[in-house]
Amino acid sequence: MLSNRALLRATRATVSTSQCAAAPRTALATSQFRNYAAAAPSSADSKPPVALYGLDGTYASALYTAAVKSSSLDSTAKALQALHEVYNKDAKLATIMLAPTLSTEDKTSIIGELQKHTGGADKEGTVKNFLEALAENNRLGLLKGVCEKFGKLMGAARGEVELTIVSASQLDNKTLSRLETAVSKSQYVGQGKKLTVTNKVNPDILGGLVVEIGDRTIDLSVSAKIAKMNKLLTDNL
């Protein structure tokens with residue numbers, strides 16, 4: 001089980017890596033993370049496979065490092081997946097976690113209830129320590145985002161690349177399969193990588209597609225073409 005002092009070192013190390021990109025935000029984060037526990041990474045293996053942004057991303061990255069250093073990555077991933085499923089089943093949970101009036105007793109009770117849903121996956125206590133750190137820093141409201149971003153880290157560690165296809169209406173499986181095949185052969189997907197495909201529906205794009213591959217976006221939507229045409233007309237009138 002990770003000590004609080006060890007957790008503090010890892011969080012500071014994680015925050016330190018992003019200082020050049022966001023110094024003011026990092027300064028704030030350092031004070032908020034003072035009790036987050038994990039051993040400072042000493043090898044490339046413990047470094048998160050991709051960079052994440054936002055406060056929940058910083059917490060997820062530090063938790064990933066902590067889990068690797070304590071040899072509890074798989075069990076931590078299973079525990080967070082279980083917690084994420086709790087959010088999906090209980091729409092009120094996110095609101096409860098964001099309540100500013102939660103007392104210390106309330107937070108302790110919440111952590112206890114959340115641990116029941118991990119199904120014994122957190123044998124090393126990594127997630128328990130993490131939840132306690134979130135509670136102490138009044139950041140339990142970040143938990144859902146942390147679960148989602150930790151999932152992104154695990155996917156990247158397994159060599160997965162997220163392919164999100166946004167369409168005006170739901171695409172059929174045959175169309176999605178063709179798009180997946182085409183993208184998998186493109187320069188945007190490295191050799192040996194596996195695509196995980198998600199189809200999101202957004203009627204506002206009017207037609208066409210918006211293709212998101214990892215951190216790249218290719219906008220082939222009708223709405224984007226109309227916007228470009230309107231700009232061209234405006235600039236020339």
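Across the range 189-207, the number of residues qualifying as under 26 Å from ALA227 (Cα atoms) and outside any strand (DSSP E or B) comes to 6.
Somewhere in the range 19-38, is a residue at pLDDT 85 or above and under 19 Å from the mean Cα position of the chain (by Cα)? Before you say what the answer is, go through the steps one by one.
In the first step, residues of the range 19-38 are kept if they are at pLDDT 85 or above; the result is none.
No, the range 19-38 contains no residue that is at pLDDT 85 or above and under 19 Å from the mean Cα position of the chain (by Cα).
Of the residues that sit in the range 115-137 and are among the hydrophobic types (A, V, I, L, M, F, W, C) and assigned to a helix (DSSP H, G or I), which one is surrounded by the fewest Cβ atoms within 10 Å (Cβ to Cβ)? In this case the residue turns out to be ALA135. Residues in the range 195-221 that are within 17 Å of ARG178 (Cβ to Cβ) and polar (S, T, N, Q): THR196, THR198, ASN199.
Identify, please: which residue in the range 202-223 is out of contact with any strand residue (DSSP E or B) (no Cβ under 6 Å at 6 or more places or on another chain) and modelled with pLDDT of 90 or more and is, among those, surrounded by the fewest Cβ atoms within 10 Å (Cβ to Cβ)?
Per the stated criteria, the residue is ASP204.
In a residue-by-residue description of the range 107-122, the property of being β-branched (Val, Ile, Thr) and within 15 Å of ALA67 (Cβ to Cβ) applies to at least one position. The helices (runs of 4 or more DSSP H) falling completely within the range 48-114 that include 2 or more residues that are in the same structural domain as VAL146 (by TED's automatic domain parsing), touching a residue at least 24 places away in the same chain (Cβ under 8 Å) and within 15 Å of the chain's Cα centre (by Cα) map to 54-69, 73-89.
Yes or no: ALA121 at pLDDT below 95 and within 16 Å of the chain's Cα centre (by Cα)? So ALA121 does not fit the description; no.
Here is a list: LEU163, LEU195, LEU176. Which entry is in contact with a Leu (Cβ under 8 Å, 6 or more places away or on another chain) and free of Cβ contacts under 8 Å to residues at least 40 places away in the same chain?
LEU195
On the basis of being surrounded by fewer than 18 Cβ atoms within 10 Å (Cβ to Cβ) and hydrophobic (A, V, I, L, M, F, W, C), does LEU140 make the cut? No. Looking at the range 177-201, which of the residues that are surrounded by fewer than 10 Cβ atoms within 10 Å (Cβ to Cβ) and not basic (Lys, Arg) is nearest to ASP219 (Cα to Cα)? Ranking the candidates gives GLN187 first.
Which residue is farthest from SER186 (Cα to Cα), if the candidates are limited to the range 148-176 and must be surrounded by fewer than 15 Cβ atoms within 10 Å (Cβ to Cβ) and of a type in the set (Ser, Thr, Tyr)? Taking the candidates together, the pick is SER169.
The values are calculated or read from the model by the stated rules, or taken from the named source; none is laboratory data. This structure is a prediction, so every number in the text was calculated from the model and none was measured. Counting neighbours? That spans all protein chains shown, and the Cβs are built from the backbone with ideal geometry, glycine included.
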